[in-house]
Amino acid sequence: MAREITGFSNPLVKRVRSLREKKYRKAEGLFLAEGLRILTEAREEGVLPEMLFHAGSTHPLALDLIDAIEADGGDVIETTPDILSKISGKDNAQAVVGVYRDRLTPLAKLDRSKADIWIVAQSLRDPGNLGTILRTGDAVGAGGLILIDDCVDPFSVESVRASMGALFTQSITQARWGEFMHWLRAGPGELIGTSLKATQDYQEPAYQSPSFLLVGNEAQGLPESYEAECDQLVKMPMLGKADSLNAAVATAVMAYELLNQKRRA
């Protein structure tokens with residue numbers, strides 16, 4: 001049975017609001033996702049929130065979601081639009097906000113054979129880029145996103161929002177570079193990096209499966225030592241004055257080249 005909370009000072013509201021900060025997300029192993037579309041897509045992947053806050057939504061999808069959460073033993077809380085705004089940090093908050101258990105997959109448990117394409121991001125800083133890369137991974141049927149070294153939190157509200165639900169279709173793994181390379185070289189897999197210093201055009205190689213597409217930091221790109229460990233180092237033609245593409249855009253271009261090669265094989 002749904003319960004009702006209308007007070008800003010309610011301890012649960014304060015607790016859930018705190019999940020906007022990384023230290024509290026990490027301490028609790030929980031994160032926020034907002035919007036009926038994202039929560040419905042999560043449900044379609046078999047993932048339900050542990051808690052759902054809504055402002056009296058009567059949308060059929062919202063009602064189905066509420067029924068599913070209650071049947072699963074989750075907590076449904078009806079509240080006010082103002083409190084939803086306080087929780088989400090947006091003046092025009094979505095009609096529903098879910099609290100989910102984090103979805104990290106340990107590196108040792110990744111099954112590299114389940115997909116031909118994997119995306120690996122090193123020291124990514126922008127949550128919008130991370131979310132967009134997750135969406136690209138979903139679009140090309142990638143197995144997941146492996147975050148190397150110190151990347152932006154994939155469970156921040158901004159990253160989750162930018163992923164548009166792809167957070168729930170892609171596995172997410174965090175690892176240090178040495179740990180990842182040890183795991184990668186213990187099985188099949190080609191590591192593909194992009195660099196302005198590369199001499200090979202990105203459409204020249206015949207890429208192998210599984211392909212691990214390595215994306216560098218937005219400002220610095222990949223460290224030279226990381227580039228040196230790539231099986232393929234390629235570049236995309238830049239015919240204008242710009243010398244590089246946005247990290248998420250470059251990832252999409254490369255990911256679709258990998259996909260198209262595999263479609264033609």
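The values are calculated or read from the model by the stated rules, or taken from the named source; none is laboratory data. The structure presented is a predicted model; accordingly, all values stated were derived computationally and were not measured. Ideal geometry is used to build each Cβ from the backbone, glycine not excepted, and the neighbour counts take in all protein chains shown. What goes into the accessible areas is simple: the full protein's heavy atoms, side chains included, and nothing from ligands, DNA or RNA. Shrake-Rupley method; radii C 1.70, N 1.55, O 1.52, S 1.80 Å.
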Practice problem: Using only alpha carbon pairs under 8 Å that are at least six residues apart, calculate the relative contact order of the range 165-265 and give it in whole percent. | Solution: 31 percent
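If I compute solvent accessible area with a 1.4 Å probe over the protein chains, what percent of it on the range 78-128 is carbon and sulfur? Walk me through the intermediate numbers first.
Details: 1000 of 2400 Å².
Solvent-exposed carbon and sulfur of the range 78-128 make up 42 percent of the total.
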Quiz item: Using 1/(1 + (r/R0)^6) with R0 = 35 angstrom and r between the beta carbons of Glu179 and Leu245, what's the FRET efficiency to the nearest 0.05?
Solution: 0.80
Quiz item: Got a number for carbon plus sulfur as a percent of the range 152-216's accessible area, 1.4 Å probe?
Solution: 51 percent
Self-check item: Mean separation of Cα contacts under 8 Å (6+ apart) over length of the chain, as relative contact order %
Solution: 18 percent
Exercise. Apply 1/(1 + (r/R0)^6) to the Cβ-Cβ distance of Asp67 and Lys23, taking R0 = 35 Å, and write down the FRET efficiency to the nearest 0.05.
Key: 0.55
Quiz item: Which entries in the list Lys114/Lys197; Lys22/Lys86; Lys22/Lys235; Lys14/Lys109 go over 25 Å, if you measure between the two C-alpha atoms of each?
Solution: Lys114/Lys197; Lys22/Lys235; Lys14/Lys109
Practice problem: With all protein chains present, calculate the accessible area of Ser171 using a 1.4 Å probe and round the result to the nearest 10 Å². | Solution: 20 Å²
Practice problem: Let me have the relative contact order for the range 1-85, percent, based on Cα pairs under 8 Å that are six or more residues apart. | Solution: 40 percent
Quiz prompt | Where trypsin sites (Lys or Arg not before Pro) fall in DSSP loop in the range 182-251, at most 14 other Cβ within 10 Å | solution = Lys197, Lys241
Self-check item: Average accessible area per residue (Å²) across the chain - probe 1.4 Å, nucleic acids and ligands excluded
Solution: 48 Å²
Practice problem: Provide the solvent-accessible area of Arg135, counting protein heavy atoms only and rolling a 1.4 Å probe, rounded to the nearest 10 Å². | Solution: 120 Å²
Exercise. Give me the aspartates and glutamates in straight-line cross-link reach of Lys90: C-alpha distance below 14 Å, same-chain residues under 8 apart excluded.
Key: Glu34, Asp82, Glu158
Self-check item: Within straight-line cross-link reach of Lys26, aspartates and glutamates at Cα separation under 14 Å, skipping those fewer than 8 residues along the same chain
Solution: Asp102, Asp153
